[in-house]
Amino acid sequence: MSKSPAVDAIRAWSRGQRPRLAIVLGSSLDAVAASVSDARSLSYRDIPGFPRPSVSGHAGQLVIGRLGGCEVLIAQGRAHAYETGRMDAMRPVVEALAARGVETLVLTNAAGSVDPRIGEGRLMLITDHINFSGTNPLTGDIGDERFVTMTDAYDPALCRRMRAAARAERIDLAEGVYMYFCGPSFETPAEIRMARVLGAQAVGMSTVPETILARRFGLCVAGVSGITNLAAGIEGSAPTHEHTGRVARILVEDMTRLLERFAAGFAAGN
Ligand code: HPA
């Protein structure tokens, strides 16, 4: 028994399997989990303290199995700060993964592009982020561990592996800085002009809280955005939830191939 009922529930379910790699699937990207072999799932409802995702396109379960031959844990569905106002909504998930021996966390999301050269349907490797929320998931945390170093938050070695996986799959992987807005309303064109001036290539409503939490708990992080739209005002764009979901369900095929190849490389140690 550990001190955490969530960790105990996951341990009982995972039956001795201890994947070192975990993946969080973003909005409408749940279908990546269909490529997991020998898959077993556990609903967040059956894990004490886990969030209950309320957004369409988020299943809210853990899946364990093999992806690209590599043992993985997949968090199918996330809780966003905009659902509850809590930036630390994913803390129980990240903390439990770390306690179960996960060392590497791949975060995926649907995002809007601030750069017209990174068009709808592309995948973008996140090389850094801007937390534009004015708050932090570690607010209220105690102890010196809260002063997390965020240099190289998106691990350079994992970035290299992700680029290699994209090359092997002939996926034209863009790269850039992801800027976090709280949502749930989309940004205004003026906010997107600001994002551009500040050096962002993509904007979205997730991932950044989890990256900060993951670094707090000692995990290495990689991030991949699926570009579902041009951000507000870029070439006249007016993003909608319906549209972003539709495009995410199309680019899930490339996302799956990329993550499968990445996982295979991870298992092989290269
Ligand atoms: N803005 C914020 N979040 C998003 C977008 C966007 O344009 N597209 C997908 N998620």
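Pairs of alpha carbons in segment 145-241 separated by more than 22 Å make up 39% of all such pairs. Working from Cα pairs under 8 Å separated by at least six residues, relative contact order for segment 1-102 is 33 percent.
Would you mind classifying segment 31-172 by shape? Square roots of the alpha carbon gyration tensor eigenvalues, ordered a ≥ b ≥ c; an a/c under 1.5 is rounded, otherwise it is prolate if a/b is larger than b/c and oblate if not. Rounded, because the longest to shortest axis ratio a/c is under 1.5.
Across the chain, the fraction of Cα-Cα pairs farther apart than 26 Å, rounded to a whole number, is 36%.
Here segment 97-154 and segment 178-203 have alpha carbon centers that stand 15 Å from each other. Maximal additional length on extending the R45-R160 stretch stands at 37.8 nm, based on 0.36 nm per residue less the C-alpha distance. For P209, neighbours were defined as the other residues whose beta-carbon sits under 15 Å from its Cβ, and their charges (Lys and Arg +1, Asp and Glu -1) total +1. With the simple model of a label 7 Å out from the Cα in the direction of the Cβ, R146 to T127 spans 3.3 nm. Qualifying trypsin sites (Lys or Arg not before Pro) in segment 8-89, where qualification requires a DSSP coil assignment and no more than 11 other C-beta atoms within 10 Å, comprise R15.
Return the percentage of antiparallel bridges among DSSP beta bridges fully within the chain, rounded to the nearest 5 %. Walk me through the numbers before you get to the answer.
On the way: 17 of 47 bridges.
Restricted to the chain, the bridges split so that about 35 percent are antiparallel.
Per the Debye calculation on segment 188-255 with a single equal scatterer at every Cα and no solvent contribution, log₁₀ I(q)/I(0) for q = 0.15 Å⁻¹ amounts to -0.62. For C182, the accessible area of its heavy atoms, probed at 1.4 Å with every protein chain present, is near 50 square angstrom. Put a plus charge on the Cβ of each Lys and Arg, a minus charge on the Cβ of each Asp and Glu, and nothing anywhere else: the dipole of the chain about its Cα centre is then about 580 debye. Which value at 222 nm does the chain reach when only helices count, each DSSP H run of 4 or more adding -39,500 (n - 2.57), with the total divided by all residues and rounded to the nearest 500 deg cm²/dmol? For the chain, the value works out to -9500 deg cm²/dmol. Only one residue of G68, Y82, I126 has its Cα farthest out toward the positive end of the dipole of segment 67-162, where Lys and Arg carry +1 and Asp and Glu -1 on Cβ, and that residue is G68.
Each DSSP beta bridge with both residues in segment 64-190 is either parallel or antiparallel, and the antiparallel ones are about 35%. Specify whether the C-alpha gyration tensor of segment 1-109 places it in the rounded, prolate or oblate class, a ≥ b ≥ c being the square roots of the eigenvalues: rounded for a/c under 1.5, otherwise prolate if a/b is larger than b/c and oblate if not. Note, shape of segment 1-109 comes out oblate.
So, in nm, how far is label R117 from label T135 when the simple model puts each one 7 Å beyond its Cα toward the Cβ? So the two model labels end up 3.6 nm from each other.
The values are calculated or read from the model by the stated rules, or taken from the named source; none is laboratory data. The shown structure was predicted, so the numbers you read here are calculated from the model rather than taken from an experiment. Every residue, glycine as well, gets a Cβ built from its backbone with ideal geometry; the counts of neighbours run over all protein chains shown. Side chains included, ligands, DNA and RNA excluded: accessible areas come from the protein's heavy atoms. Shrake-Rupley method; radii C 1.70, N 1.55, O 1.52, S 1.80 Å.
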